[in-house]
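Please treat every number below as a calculation from the coordinates, not as lab data. Just so it is clear, the model here is predicted, and its values are computed rather than measured. Using ideal geometry, Cβ is built from the backbone for each residue, glycine included, and neighbour counts are taken over all protein chains shown.
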Amino acid sequence: MKKNAKVRSVRLFILFLIVAAITLLPLALLFVASLRPGSELMRNGLNFDIDWVHANFDEYKLLFSGKNAYFSWYKNSLMITIVQTALSLFLSAWVAYGFAMYEFKGKNLFFIFVLMVMMVPTEVILLPLYKLIIGMHLINSMWGIILPYVVVPMMVFFFRQYLSGLPKELIDAGRVDGCSEYGIFFKIILPLMKPSFAAMGIYEGMSSWNNFLWPMIVINKMDKITLPVGLQSLLSPYGNNYDILIAGSCFAIIPILILFVCFQKYFIAGMTAGSVKG
Amino acid sequence: MQKKRVRKSFIYSKKVAPYVFILPFLITFAVFYVYCIISMVGMSFQNVPAHAWVGLKNYKIVKNAVFIKSLRNSIFYTIVSCALMIPIPLVLAALLNSQEMRAKTTFRSILFIPALTSVVVAGVVFRLMFGELPGSFMNKFINIFGAGPLVWLRTPGTVWLALFFICMWRWTGVNMMYYLAGIQQIPSDLYESAEVDGASRWQQFFYVTLPLLKPTAIYVLTISIFGGMAMFSESYMLFNGNKSPNNVGTTLVGFLYRMGLEQNQLGIGSAVGVIFLLIVIGINLVQLTMNGTIGKKKED
Amino acid sequence: MKKLMSGILVSAMAVSTVLGGMTAFADDGSTQGTNTFVDGGTDIQFWTFQELHVPFWTSMADEWNKQNPDRPINMTVTTGESHALQEKLLTACAAGEGTPDMADIEIGYYGSFLNGQYLIPIDDAVEPYKDDIVYSRVAMYGDGEHVYGADFHLGATVTYYNMDIMNEAGIDPATINTWDDFHEAGKTVLEKTGKPMATVEVSDLFLPQAMLLEKGVQYVDADGNPNIATQEHADVINFIREMLADGTIQITPGGGFHTEEWYGFMNGGGCASITIPLWYMGRFTDYMTDLKGKMAIYPMPVWNDGDVHEVLQGGTGTSVIKGTENEQLCKDFLAFAKLSKEGCTYEWKELGFDPIRTELWDDPAITEDPDNKFLQFFTTNPFDILKANGTDLTAPDISGSYSATYSVLVSTTYANAFENSVDEDAMELLQNEQDTIVY
């Protein structure tokens, strides 16, 4: 029996070793490629053949040389991610609190609206939303990207679940202490929500940082585009931008990877939040 | 002063406060969803930008061969990605959770890493891996078995292979995590009593794990369906634009994008959007009726 | 909570300061170009999809400022990826917001801008130059009534031969007169060298369009409706299919003539010829440098002996975008940059673009310039072909549904015709394709 278990353990380990290798393979390819000149890569194909003697960080030097717009895209993306995450965390928690802690007329109907929004992919209303953003003069503005998604139904749903788990006595205690309805939210509830904020913040930050389609549509000035849109724009038949593309792709992953290693627990909690108690 | 205090106490009253709390949602819901859907339905009967009513003319697009193809592509992609992305991560999760497994957290983290990468980066890598040059990774790989080189991204069959590869690469880890969360909520005494009853590992998996993971599986199914029907960016990156050869990778959203944004036919694009909305509502209705319990659960 | 919030704020600020520092020196990156700043000059925003065009526009702005000190301009040129940038321009035009004053618009997309009426007519600015240029190259960027844009080059289509391969096969390209000759020569090349005579694109349209234009047939009819299901077009497709079937031509690696796969293939001596306009010379000097001294330029084959039908292909119409506050200045500058002797000389010398101004064709300082990198690269002189062709040239009709038609042609029609459904009847295939064009 014991031997059996050991064999099983080794088999499992090998299986997962293979799965992990396949998972890391594309990223390894990308990294190896970033040590070669981009044009050579395009002519010979992406593979592990690399002349290690000539491997170098020239592509990264070029990336950091300032002779390209990479870091202004980086800055745009970072700015949007920070503002969007902060705003949507706050507003979604605010809305969720209303749903979780009060009884009021129309509550069920309004919550069905939340679920409805969750159940319709945003791509469905892409065109009218785009027209609306034009009408609101938010084209080429960070707010055009952020405003439509400032209250995230998924987060409202998650926060409401989370808040339902808190004892209602807390609120009554707050009222007794003379806090206003909003004071209770700020002084008592928000501090208690910290753990869920971390998870949801990562969820929202990730989706904002990696968002592609909507920012591509809203922003049409090359100096205001976000990092994913900018990277895509380097895949051009005119001009040799492959060096920046490959090194830039690598460099787009690295910060998130570092964050992930440090805050793994929250990442996983955030990304899988939707299914918990679902 | 008096008035101000009255207003203040009004807003601060326990009756009004909940509405103040949900107000941000109501505003965005009304402006960005309700208004947009109404205006989309309106535009679908108009010739935009002239805004002349043209009746059902825009809906003639349903007979367009490219529209039909993109709809078929989306449905095909959704079905196959569900068929892949529900069972495989489930099995992986169950295996990873087994007692004999070593270095669980390390493997869990590694499998999760692709989810951190942007679809753009994933697209760039896979586009190059599936390049048609003899030296491209996939061609080198199949060359080991004496096959190829293939023109991966211009041949319908292999295009799908590349698309499903991206999909699996990015989402296997996340879906596995959903299942792991579900598995860990299963009380361990259930397994213990199953073992006492002499159930084998497989029997335990089929009679204990699977039934109890049904809610998780349904959640994964739901997000897979919507993710699949809304697929666009993967195809856009793989073909460097919304222009897959012979529309092998054009999806419903890709077609909507082409009509509305590339060719400036907002009327026709809106008609496609309305059709898309109807499909989504249809899927939701089917789901809700099939899982009436789930619908109720969310209410309480 | 306060702690958390201030924590977020502090880290956000720290990160943005770090990045701010990094971007401080990225501000004058190569995605933007400016001319020498002139005090009191009018700011002009310009978009182009082609990096090579940036120095052209900034130098022309300097030249303009020298000649027009009373109307100086300060130009900012922005570039980005071709496809993305044209889409952005189109959405910006549709939104009526965020548009530049002027822009380069690739020919395949031009029709959409014409249809949307996003451009300003430039007739009056072109008028002074009219007699010195091949006017059909300007008129094509119009609706018959007004013209809206001017090209960088004439875009005369020619055939480039790799003389190493041709010599090995023992064929003198000068003897290739008709497409039938071309096909026969291809058989010899294939037999003697094992290499294809040419390749055909599936994600672009240069070869079939050139062949079709030689027959005097356009992709759109006189009213601008899609018109790809013509007998002539079917004949062209059948002709190319025949050559594909016997291996004298292949599908272009990478699918088109602007891909790295193709550059590598051609540069390595993978194929004997390419039929494409003269502006493609720059791709040779930039991306296929191993072919220096090996390439010869000859007139493109014709259908029947004695045909002199010459065609123009590809190109970029530069236009003034509606909404600019400096309409007249932009128009005048545009005409000056594109149609003046200074502009055309720059375009030839730096970019290898065949001049739209006919006087340059006879100027020995241009045509015999020993320092010119394009004349050095090729063993024959491209101006001989221009002079032989004259000025009666067939330009593609890009009006009406051309953009929508183009997008179907390069995404599905030729992929189906040459790669996916090679057995489907050409006429039937074209009719099916035509039915999918939304116009």
Interchain or sequence-distant (5+) residues whose placed amide H lies within less than 5 Å of the amide H of C:Val158 are C:Ile276, C:Leu278
Specify which residue in the list B:Phe126, B:Thr222, B:Gly260 is farthest towards the positive end of the charge dipole of chain B, using unit charges on the beta carbon of Lys, Arg (+1) and Asp, Glu (-1), about the Cα centre. B:Gly260
With Cβ to Cβ distances under 14 Å as the rule, what net charge do the other residues near C:Asp39 carry (K, R +1; D, E -1)? -1
Would you be so kind as to identify which of B:Gly42, C:Ile228, B:Val174 lies farthest towards the positive end of the dipole of the protein assembly as shown, taking Lys and Arg as +1 and Asp and Glu as -1 on Cβ and the Cα centre as origin? B:Val174
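Given a cut-off of under 8 Å on Cα pairs at least six residues apart, what relative contact order in percent is computed for segment C:207-355? Before the final figure, lay out each step's value.
On the way: 96 pairs, mean separation 31.8, N = 149.
Worked out over segment C:207-355, it gives 21 percent.
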Backbone HN-Hα couplings from phi across segment B:153-162 [Karplus 6.51/-1.76/1.60, Hz, Gly and Pro as x]: 8, 10, 10, x, x, 6, 4, 4, 4, 4
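Given the convex hull of the Cα atoms of chain C, what is a quarter of its surface area in nm²?
Numbers: hull surface 102.5 nm².
In nm², the orientation-averaged hull projection of chain C is 25.6.
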Averaged over its residues, how many other protein chain Cβ atoms are within 10 Å of peptide B:207-220's Cβ atoms? 1
Of the peptides A:94-107, B:201-214, C:400-413, A:151-164, how do they stack up when ordered by the mean number of other Cβ atoms within 10 Å, highest first? C:400-413, A:151-164, A:94-107, B:201-214
Contact order relative to length of chain C, as percent, for alpha carbon pairs under 8 angstrom and 6 or more apart: 24
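Within 10 Å of each Cβ in peptide C:87-100, how many partner chain Cβ atoms are there on average? Round it to a whole number, please. Mind showing how you got there, number by number?
Working: counts 8, 11, 1, 5, 12, 6, 2, 11, 10, 3, 8, 8, 2, 1.
Average per residue, whole number: 6.
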So which chymotrypsin sites (Phe, Trp or Tyr not before Pro) in segment A:48-91 are both in a DSSP loop and have at most 16 other Cβ atoms within 10 Å of their Cβ? A:Phe48, A:Trp52, A:Phe57
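What translational D, rounded to a whole number of µm²/s, comes out for the protein assembly as shown from Stokes-Einstein when the hydrodynamic radius is the Kirkwood one over Cα pairs, at 4 °C and 1.567 mPa s? Each step should come with its number before you reach the end.
Numbers: Rh = 31.1 Å.
Calculated translational D: 42 µm²/s.
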With label points set 7 Å from each Cα along the Cα-to-Cβ direction at B:Ile27 and C:Glu191, the distance between them in nm comes to 8.0
D for segment B:59-299, whole µm²/s, Stokes-Einstein with Kirkwood Rh over alpha-carbon pairs at 20 °C and 1.002 mPa s: what number? 106
Any idea what the dipole of chain A comes to, in debye rounded to 20, about its Cα centre with Lys/Arg Cβ at +1 and Asp/Glu Cβ at -1? 800
Which of the peptides C:101-107, C:217-223, B:97-103, C:276-282 is most tightly packed, and how do the rest follow, going by the mean number of other Cβ atoms within 10 Å of each residue? C:101-107, C:276-282, C:217-223, B:97-103
For B:Phe141 and A:Phe90, extending 7 Å from Cα along the Cα-Cβ vector and measuring point to point gives, in nm, a value of 4.6
Quick one: 3J(HN,Hα) in Hz for segment C:316-326, Karplus 6.51/-1.76/1.60 with θ = phi - 60°, rounded, Gly and Pro as x. 9, x, 8, 9, 8, 8, 4, x, 5, 8, 10
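Mind checking the dipole of the protein assembly as shown: about its Cα centre, +1 per Lys or Arg Cβ, -1 per Asp or Glu Cβ, Debye to the nearest 20?
Values: 71 positive and 92 negative charges, 1676 e Å.
Approximately 8040 debye in magnitude.
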Interchain or long-range residues, amide H under 5 Å from C:Val200's placed H: C:Gln250, C:Ile251, C:Thr252
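If Lys and Arg each add +1 and Asp and Glu each add -1, what is the summed charge of the other residues whose beta carbon sits under 14 Å from the beta carbon of C:Thr318?
Working: positive: C:Arg137, C:Lys331, C:Lys338; negative: C:Asp101, C:Asp104, C:Glu106, C:Asp151, C:Asp332, C:Glu347.
Overall, the nearby charge balance is -3.
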Averaged over B:233-243, number of beta-carbon atoms from partner chains that fall within 10 Å: 4
Residue-ordered couplings for segment A:198-206, obtained by feeding phi - 60° into the Karplus form 6.51 cos²θ - 1.76 cosθ + 1.60 and rounding to whole Hz (Gly and Pro as x), are 4, 5, 5, x, 5, 4, 6, x, 4
Going by amide H atoms built from the backbone, whose H comes under 5 Å of the H on C:Thr178, apart from near neighbours? C:Val302
So for segment C:316-439, averaging the separation of alpha carbon pairs under 8 Å that are six or more residues apart and normalising by length, what relative contact order in percent results? 12
Rg/Rh for segment A:2-64: what does it come to with C-alpha atoms and Rh from Kirkwood? 1.27
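Magnitude of the Cβ-charge dipole of segment A:70-233, K/R +1 and D/E -1, about the Cα centre, nearest 20 debye?
That gives segment A:70-233 a dipole magnitude of about 200 debye.
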Among C:Gly314, B:Ala30, C:Met166, flag the residue with its Cα farthest along the positive direction of the charge dipole of the protein assembly as shown, charges on Cβ as +1 for Lys/Arg and -1 for Asp/Glu. B:Ala30
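Tally Lys/Arg at +1 and Asp/Glu at -1 over every other residue whose Cβ is under 10 Å from the Cβ of C:Trp279; what's the total? Kindly include the intermediate steps, with their values, before the conclusion.
Numbers: positive: C:Arg283; negative: C:Asp151, C:Glu347, C:Asp354.
In short, -2.
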